[in-house]
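The values are calculated or read from the model by the stated rules, or taken from the named source; none is laboratory data. Computed from a predicted structure; not experimentally measured. Heads up, the Cβs are rebuilt from the backbone with ideal geometry, glycines too, and the neighbour counts pull from every protein chain shown. Surface accessibility is based on the protein's heavy atoms, side chains included, excluding ligands, DNA and RNA. Shrake-Rupley method; radii C 1.70, N 1.55, O 1.52, S 1.80 Å.
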Amino acid sequence: MGFFDFLTEEIAIDLGTANTLIIHNDKVVVDSPSIVARDRISGKIIAVGKEASMMQGKTHENIKTIRPLKDGVIADFDASEQMINLFIKNIPALKKKFFSPALRMVVCIPSGITEVEMRAVKESCERVNGKEVYLIHEPMAAAIGIGIDIMQPKGNMIVDIGGGTTEIAVIALGGIVCDKSVKVAGDVFTNDIVYYMRTQHNLYVGERTAEKIKIQIGAATEDLELPPEEMSVQGRDLLTGKPKQVQISYREIAKALDKSILRIEDSVMETLSQTPPELAADIYNTGIYLAGGGSMLRGLDKRLSQKTDLPVYIAEDPLRAVVRGTGIVLKNLPKFKSILIK
């Protein structure tokens, strides 16, 4: 291996339904929406990441925006491969290289993923010059990113609410003891808001607007200590067909999201009920850790805490917890060999 070592670059990837993040040399070099825009006639990719996400919902028939990942797994193999390829090519340090280097990668995947879906991720990476591709389960990466020492004989509970899936896992001794992966996460929240606006306000809003609402005034409960201001939302009136604007408050969004958050609560409760008693004792002391973008929903920590009677902590910079953990694994591959899926 010796000679090729200096030709090999190491990268850690969090291939998410909503966002893809890449770490290279301990720095987050890519943090972009997982979306590509393709020209329908030539079949070429014309934009990727932020640029493509600006086009979402605003395209004519010759441009199509594609989100290659759905529910945490690759839905469009071709598009996902081109997306990963473009992201890697955009890494500043690799741009300067005369030829594309061989890559040693650690990529994280949802815990409820099938063999076939796992192979799709692996093959995508191998086709963009990944010579060694290691996979790691998302809740595991999140735990490492939060700063938990996962090798200890101590139970920790992680709830990672991403774009496509919510991953709930109890981790001890460097392994996942019990886990649950539910397809209720950020994307579902966004769709709930679209549906609510349509049924309650006769206002048709796009996905991007709904996402904005979620970020600006989204809430998991109606009693917040620091409630956000009301927000004006523009869209199309379903009755008159004219563009119109309405004011909405966080209380309405809490109502809109209630059912989906209930499903997440139930899954957390179910996972707790399957936890071995010794680990349950640990979790009583350590509490629950939240990671992923969905954990930033106002009042969600409080709501989960009331439901489970456990302390709930939100990871710092929850959007990057998973990729940080993946980066730590990449730096200490020999130490973490046992938790990787080859």
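Here the Debye sum runs over all C-alpha atoms of segment 42-153 as equal scatterers in vacuum, and log10 of I(q)/I(0) at q = 0.23 Å⁻¹ comes out as -1.32. Measuring between their Cα centroids, segment 141-173 and segment 183-250 lie 31 Å from each other. How much of the accessible area of the chain, in percent, comes from carbon and sulfur atoms when a 1.4 Å probe is used? Within the chain, the accessible surface is 52 percent carbon and sulfur.
Summed over all non-identical Cα pairs, the Kirkwood treatment of segment 186-256 gives a radius of 12.1 Å. Based on C-alpha pairs under 8 angstrom that are at least 6 apart in sequence, the chain has a relative contact order of 18 percent. Global size of segment 97-136: 11.4, 39 Å for Rg and Dmax (C-alpha atoms, Rg to one decimal, Dmax whole). For segment 186-256, lysine pairs with C-alpha atoms less than 20 angstrom apart, excluding pairs fewer than eight positions apart on the same chain, total 4. Sorting the segments 188-198, 326-336, 166-176 by their mean number of nearby beta carbons within 10 angstrom, highest to lowest, gives 166-176, 188-198, 326-336. Among DSSP beta bridges whose residues both lie in the chain, state the antiparallel percentage, nearest 5. Close to 65 percent. Using the Karplus relation 6.51 cos²θ - 1.76 cosθ + 1.60 with θ = phi - 60°, the per-residue 3J(HN,Hα) values for segment 291-299 come to 9, x, x, x, 6, 7, 5, 4, x Hz, with x marking Gly and Pro. Derived scalar couplings between HN and Hα for segment 235-250 equal x, 9, 6, 6, 7, 9, x, 8, x, 8, 10, 10, 8, 10, 10, 4 Hz in order, rounded to whole Hz, by the Karplus curve 6.51 cos²θ - 1.76 cosθ + 1.60 (θ = phi - 60°), x for Gly and Pro. The relative contact order of segment 186-256 comes to 33 percent, based on Cα pairs under 8 Å that sit 6 or more residues apart. Once the 1.4 Å probe is applied to the protein heavy atoms, the chain comes out at 48 Å² accessible per residue.
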